[in-house]
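K.L.:
Structure provided below as structure tokens; questions to follow.
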Amino acid sequence: MSRSESGGARGSLGGGLGGLGALGGVRRGSSRPQDSIKGLKSWLSRNLLLLATLVGVLCGVLLGLSLRPLDLHDDWVLLLSYPGELFMRLLKLMILPLVIASLIAGTSRLNARMNGRIALRTLVYFALTSLLNAMLGIVLVLAIHPGDPLSFGEDGPPLDSRDTRDPRDRAQVMDGLLDLGRNLFADNLFQAAFQQVHTVYVPKEEPFSPTGPTAATTQAYPAVAALTASTASVEMKRALKYRDGTNTLGIIFFCLLFGTVLSTMGSKGKVVVDFFCTIYEVIMKMVSGIMWLTPVGVCSVICGKILAVDDLAVVMAQLAWFILTVVIGVLLYQLIIMQLIYYAFLRKNPFRFYANLFQSNLTAFATASTAAALPISMRTMDRLGVDPRVTRFVLPIGCAVNMDGTALFIAVATIFIAQMNYMTLGWGDLATVCLTATAASMSSASVPSAALVLLLMVLSTIGIPAGEASLLFAVDWFVDRVRTTNNCLGDLYAAAVVEHLSKAELESPDGEALNTAEFNGIGTFVEDGDADLEAAMEKGPSLHNGSIKK
């Protein structure tokens, strides 16, 4: 299928809206009941999974709220959330092979120059939108001022929640950026599949024996006593540790490099390209089957989260203004700013595009993970006709580095905690919050509640006590889902914008040849549906010995 042909495809919700229009009598000349029934059946067949997912979300909320008064035992809560846990594990199982196959298959269909240009546009877009979200969060938190200490009681926040740790025992933003580079250039690809490196602070080793100097020694040698006293306050040093979690950045970098080099191999790389293209198709078919478990999994996840929160009403009342600030920021960005960006570049109706992304957005909200929604996002963009070479390139990268909602959340939460502590931040502090929130968000993992760890890092940068940050853990199960929708939609809009900006390269003879035929004209990509080399050669320029004849 060519890009012009696939561009006419519509997403499930967009097609659903069209189906509803047909039901409402778009064809004014025909009002037969048979047409209405046929239109209804067509709409239901296209949107059955979407409707089932919506029902699952509503059932999860209602079931969780209705069971809270029963004060169920932890074992019952565990059993209720168990199906959702299995559903999340299945989705996470698909992520790694999907990322590897999609990136290698996508980059191998582009030459090195195209890969570099698309990567540059993608990263610049992600950085600018993350910065924009951080600025939006700062403006909203200063305008709404959700951190009024009196909302937590007449005496304000508890004094024992103040952070009294040694400042040297806190992670710094510089450490986060350095860890970003270390994870990008992984030293072990297999270890990157399940571990990532991060900086921790540990006490420096004592220069003496473990038993320490004796009293006689300290009396005989005053210098030793002075040195012992100076080291009594434990001095911290940086150390590199590995923690559980997929090093997505390292895998993405390796796959981009592997696919780019593979694109220069000509006919020698045909078997490898076919292999990864086939893996991609197999994984997507597996995902299509798993997605029918979404209603049950989503219902279980949401119900379990609601039942696991202690004093839900009290917590929501205390942090209502904070939650409202984040929700307003997310809605402003999605409904206004994101639509303006789309219209400014593509000059098309942005809300039609936004409506077609509802399935991906709902999955991201339910799972609180951009990575878990990645398979649905890829399938949605394929239905919308976005060039698969771009979607396979942009979406996996976006899962690792594009965290628009996280940048907004960190900016709001940082100033929220400063307001709770009666702290006034100057313009320099606000600029630091903006930049550090942007940098920290781009090093965030695409897993639930990863932003809370980064929040502590940003708080330490400008000296804000981090004790009250523990309050946010009580509502992060909900706020995390809200901000994840920004992350997911940011990836999808980035793919559309980058495809438009890269249109010249993609439609060039070089790009069209790589899109329709394998290198050196041998074989075809299964997406184009060509049966043999002759069909591919009729659609694009001829290839000979790796060079394009014009």
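The values are calculated or read from the model by the stated rules, or taken from the named source; none is laboratory data. From a predicted model like this one, the values you see are computed outputs, not experimental measurements. Don't worry about glycine lacking a Cβ; one is built from the backbone with ideal geometry, like all the others, and counts go over all protein chains shown. Please note that ligands, DNA and RNA were not included when accessible areas were found on the heavy atoms of the full protein model with its side chains. Shrake-Rupley method; radii C 1.70, N 1.55, O 1.52, S 1.80 Å.
K.L.:
Being at pLDDT 85 or above and not charged (D, E, K, R) is the filter here; which residues of segment 270-288 pass it?
P.N.:
Across segment 270-288, the qualifying residues are VAL271, VAL272, VAL273, PHE275, PHE276, CYS277, THR278, ILE279, VAL282, ILE283, MET286.
K.L.:
While we're here: If you go through segment 263-276 one residue at a time, how many are among the hydrophobic types (A, V, I, L, M, F, W, C) and either buried (at least 21 other Cβ atoms within 10 Å of the Cβ) or not in a helix (DSSP H, G or I) (or both)?
P.N.:
Qualifying residue count, segment 263-276: 3.
K.L.:
Only one of these conditions is not met by TYR343: (1) under 18 Å from LEU128 (Cβ atoms); (2) outside any helix (DSSP H, G or I). Which number is it?
P.N.:
(2)
K.L.:
Within segment 410-441, count every residue that is open to solvent by less than 30 Å² (accessible area, probe 1.4 Å) and either in a helix (DSSP H, G or I) or modelled with pLDDT of 85 or more (or both).
P.N.:
Residues in segment 410-441 being open to solvent by less than 30 Å² (accessible area, probe 1.4 Å) and either in a helix (DSSP H, G or I) or modelled with pLDDT of 85 or more (or both): 20 in total.
K.L.:
Of all residues in segment 26-38, count the ones that are surrounded by 14 or more Cβ atoms within 10 Å (Cβ to Cβ) and modelled with pLDDT under 75.
P.N.:
1
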